[in-house]
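Notes for the one structure printed next.
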Amino acid sequence: MTSIFADRRRLWLLLGYIAAAAVLFCAPLYLSDFRLNLLAKFLAFAIAALGLDLLWGYTGVLSLGHGVFFGLGAYAMGMHLKLQASGTRLPDFMDWSGLTKLPWFWEPFKVFPVAVALGILIPALLALFLGFFTFRNRIKGVYFTILTQALVIIVTTLFIGQQAYTGGTNGLTSFTKLLGEPLRSDTMKTVLYLATVAVLVLVFMLCRYIANSRMGKVLRAIRDGENRVRFLGYNPATYQMMTFAFSGALAGIAGMLFVLHVGIISPSMMGIVPSIEMILWVAIGGRGTLIGALIGTLALNYAKSGLSEAYPDFWTIGLGVLFIVVTVFLPGGIAGLIRSGAEAVRRIRGRGNMHESGAHSVLQGSNRSV
Amino acid sequence: MKRKGNWFKGMGLAVSVSLALVGCGSNNENNSASSSAPASSAPASSSAASEGGTVKVGILHSLSGTMSISEVTVKNSELMAIDEINAAGGVLGKQIEPVIEDGASDWPTFAEKARKLISEDKAATVFGGWTSASRKAMLPVFEELNGLLWYPVQYEGLESSPNIFYTGATTNQQIVPSVDYLLEQGKKKFFLLGSDYVFPRTANKIIKAQLAAKGGETVAEEYTPLGHTDYTTIIAKIKEAKPDVVYNTLNGDSNVAFFKQLKDAGIAAADLTTLSVSIAEEEVKGIGADFLAGHLVAWNYYQTTDTPENKTFVESFKAKYGADSVTSDPMEAGYTAVYLWKAAVEKAGSFDVDAVKAAAGGIEFNAPEGKVTIDGENQHIYKTVRIGEIQSDGMIKELWNSGSPVKPDPYLKGYDWAGDLSSGS
């Protein structure tokens, strides 16, 4: 009885995902250039949110430093685009800052596949490095979170200070070409958008696979009782490190796509505020549910850009109220709301599944305590 | 207990459902607006900006975030210019409809909103920006979509985009003459202090070259991060270096801290000359005139500038935004930009960007700062340079001016000592 029920639910869910993907893939047909560009940017953000959800929602590790990983990916792509745009000459800001030749660490970014690989590897390795020294030493909870904030400050200060090498506060902008094609042609924009959707779908499936695998179970177990997991013979630090590095890599990918759509990256995008904003996407969507992270990212960014267009003078207040309302009244986020709505429907339909819904609320309870 | 819990849940549900509805509503609006936009505007995209009796222009400044204190005032003066023009019959018989967007002190947001103003709203032109970073973020968008931006703030030069008009000073209309002025006053030893970003760094590079060529001396060069507020170390270094003048390119809140701590350290304007290029009337109000009285600044316009146009400008601004509001250089440049655009549109007889650009060269306007002229070649404007001294009432008294408007030279091509600097052109 229950298995048929679950199968049917799974089928509906699958259909829903396919429909959502179809809607996204067809967006170039019904959205204007500007709106498509906006959506592309939000979808890039969603990739970072998925990684963050895996780390925070599933493993219980709160990182307020994902702006850095996002930024490192973005800079990797930005450096490649800047070199493309400058041709044989030095990038303009290096010229102003008194450099006469290209710094050695810019050289590898001349080649596109290398730049992409570095855009994934650098954030992943940095996360692994940080994770190695924290998780292994059992630094966790608030202490870990504070360390990630410190990382943000260190990296942004470094990027602002080293103007000659990074472009300083202005960041990198004025890109023209990608792989020899003009970056802003209609075809290129559509291709980049579709590439973003494709990456998002792949990342979503991968994250779902991980979450439902044995590893996902271990991650949730770490979240709910790290010591018990250790007593069972697992090493939580390894899992935390791997998840941290994986979500860092996803943030890097998101950053690379962001630069391609927005055409600028500056240290302000990797600062404390954007890092916290990423957490908000996940929190508002509903942590511990991948679809929630996705929905939260889209909802929040649409709210932000819609409110600021409609009320340029007061939009920040509106957004603030939205945050408060959601955190106070919807601790499970939008996904939590949908789930409790579905539960309510099921409860009305019949009492046969009392057992299951009980299990659910236990899970929700533990979600909240993370 | 249980009942209370249910009540809470119910209320939470109600709020969230209504939120979701609101969210859906706005989303739908977005979708319908965006889906209908291409259909309706495709046949007449070039004239969409000027359909009916109005023409849309964008106003894009930071209305939230760290830069909002400064940028809101420029937004206000630009809106005032638009109101004045509308009251006098508009441009080419059309009323100007401002579309205001918030850049939120965030550079990618500036790029996003610029794109929105040009491609969604079909704004005929955009007035906006303050920081160099925001301008550099918007520049590729304006060049890609062939939009038109009027940028109202003094900046570091070395730029001349075909899609931007610069109505603030470039380096040879503010920094270079102010250094000459100080040298003439017998100040030879310069202490360079600035916030760590592109404007102070580029400005100081120019100053160092200029001092080297003209017999001055750079005794120290110090940078602090934007928003830095502890200047005791810097002040100790100043005391030790004993410069004739501190050339100050600090921006924002840092100025408050620096001047207060300078006064606390017992250094008054009589003991040590400072010249600042980012402190105008609005900032004096924020820092407090008693900390700043006697210190020097360099701009192209002061509230006290003695022209008939300025008298009207100050009066109408006070009438509109309150008697205690002040006017400053960037506000004047923003106000002037709106009138220059109007003049260019009327000369071109069209709102088309290319036609307006082609017509703009040589246009003259009697601005509050005096006569300004658009240089058709680099799209900057001729401006009079003024050195002023801050008074204890918060106003700035003019000590020296260049006599006539100075031709803009963003790449400093007309200065022998600046040969290396302009290689980027």
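Residue separation of A:Trp12 and A:Ile146 scaled by 0.36 nm, minus their Cα-Cα distance, works out to 44.1 nm of gained length.
Taking a straight Cα-Cα cut-off under 24 Å and skipping sequence neighbours fewer than 8 places away in the same chain, the lysines within cross-link reach of B:Lys242 are B:Lys187, B:Lys188, B:Lys189, B:Lys205, B:Lys208, B:Lys214, B:Lys260, B:Lys263. The phi-based Karplus calculation (6.51 cos²θ - 1.76 cosθ + 1.60; θ = phi - 60°) puts the 3J(HN,Hα) values of region A:323-339 at 4, 5, 4, 5, 5, 6, 9, 10, x, x, x, 5, 5, x, 5, 4, 5 Hz, whole numbers, x for Gly and Pro. Averaging Cα coordinates gives a centre for region B:236-279 and one for region A:229-266; these two points are 45 Å apart.
Taken along the Cα-to-beta-carbon direction at a fixed 7 Å, the label points for B:Lys318 and B:Lys413 span 4.4 nm. Provide the net charge surrounding B:Ala348, with neighbours chosen by a C-beta distance below 13 Å and charges set as Lys +1, Arg +1, Asp -1, Glu -1. Result for the neighbourhood of B:Ala348: 0. If R0 equals 41 Å, the separation of the Cβ atoms of A:Arg214 and A:Tyr30 corresponds to a calculated FRET efficiency of about 0.50. Region B:352-406 and region B:108-186 have Cα centres lying 15 Å from one another. The lysine pair tally for chain A, using Cα distances under 22 Å and a gap of 8 or more places or different chains, is 14. The slack between A:Leu194 and A:Val321, meaning 0.36 nm per residue of separation minus the straight C-alpha distance, is 42.3 nm. Taking 7 Å steps out from each Cα toward its Cβ at A:Val273 and B:Asn366 produces label points 4.3 nm apart. Among A:Tyr75, A:Tyr193, A:Tyr30, the largest mean-square fluctuation in a Gaussian network model of chain A (Cα springs under 10 Å) belongs to A:Tyr30.
With helices as the sole contributors, chain A gives -25000 deg cm²/dmol at 222 nm; each DSSP H run of n ≥ 4 counts as -39500 (n - 2.57), and the sum is divided by every residue.
Sorting the segments A:210-221, A:278-289 by their residues' average number of neighbouring beta-carbon atoms within 10 angstrom, most packed first, yields A:278-289, A:210-221. Loop-resident GluC sites (Glu not before Pro) (DSSP state other than H, G, I, E or B) in region B:191-249 with no more than 15 further Cβ atoms inside 10 Å of their Cβ are absent. If we count every other residue with Cβ under 9 angstrom of A:Trp96's Cβ, Lys/Arg +1 and Asp/Glu -1, where does the sum land? Net charge around A:Trp96: -1.
For B:Gly157, which sequence-distant residues (separation of 5 or more, or a different chain) have an amide H within less than 5 Å of its own amide H, given hydrogens modelled in the peptide plane? Those qualifying (amide H under 5 Å, at least 5 residues apart or on another chain) are B:Thr171.
Look at the stretch B:132-143: the mean tally of other chain Cβ atoms within 10 Å of its residues' Cβ atoms is 5. Counting, for every residue in A:327-339, the Cβ atoms of other protein chains within 10 Å of its Cβ and taking the mean gives 3. Footprinting exposure proxy ranking of B:Ser402, B:Ser178, A:Ser32, fewest other C-beta atoms within 10 angstrom first, gives B:Ser402, A:Ser32, B:Ser178.
The H on the amide N of B:Ser195, modeled in the peptide plane, is under 5 Å from the matching H of B:Thr224, B:Thr249, B:Leu250, B:Asn251, each at least 5 residues off or on a different chain. Computed packing ranks the peptides B:162-175, B:244-257 as B:162-175, B:244-257, most packed first, by mean other Cβ atoms within 10 Å.
In order along region B:73-78, the phi-based Karplus estimate (6.51 cos²θ - 1.76 cosθ + 1.60, θ = phi - 60°) of 3J(HN,Hα) comes to 5, 5, 4, 4, 6, 5 Hz; Gly and Pro are listed as x. I'd like the orientation of helix B:232-241 relative to chain B: the angle between its Cα long axis and the longest Cα principal axis, in ° from 0 to 90, rounded to 10. For helix B:232-241, the angle is close to 30 degrees. Across region B:164-173, computed HN-Hα scalar couplings (Karplus, 6.51 cos²θ - 1.76 cosθ + 1.60, θ = phi - 60°) run 10, 9, 9, 9, x, 6, 8, 4, 7, 10 Hz from first to last residue, x flagging Gly and Pro. With neighbour counts taken as other beta-carbon atoms within 10 Å, the residues B:Asp102, A:Asp95 rank, fewest first, as A:Asp95, B:Asp102.
If you take every residue apart from B:Glu143 with its C-beta less than 15 Å away from the C-beta of B:Glu143, what net charge results, scoring Lys and Arg +1 and Asp and Glu -1? Counting the neighbours of B:Glu143, the net charge comes to +2. Spin-label model, B:Glu184 to B:Glu346: label points 7 Å out along the Cα-to-beta-carbon direction sit 3.6 nm apart.
For region B:345-425, the Kirkwood hydrodynamic radius from C-alpha pairs, put into Stokes-Einstein at 10 °C and a viscosity of 1.306 mPa s, yields a diffusion coefficient of 104 µm² per second.
Amide H contacts for A:Leu178 (H built 1.01 Å from N in the peptide plane; partners 5 or more residues away or on another chain; cut-off under 5 Å): A:Leu183. Between A:Lys110 and A:Arg136, the contour length at 0.36 nm per residue exceeds the Cα-Cα span by 5.7 nm.
Taking Cα atoms only, the orientation of helix B:254-264 departs from the longest principal axis of chain B by about 40 degrees.
Every number here is computed from the coordinates shown, using simple stated rules; none is lab data. Just so we're clear, the structure is a prediction, and the values are computed from it rather than from any experiment. In this analysis, Cβ positions are derived from the backbone assuming ideal geometry, glycine residues included, and neighbour counts consider all displayed protein chains.
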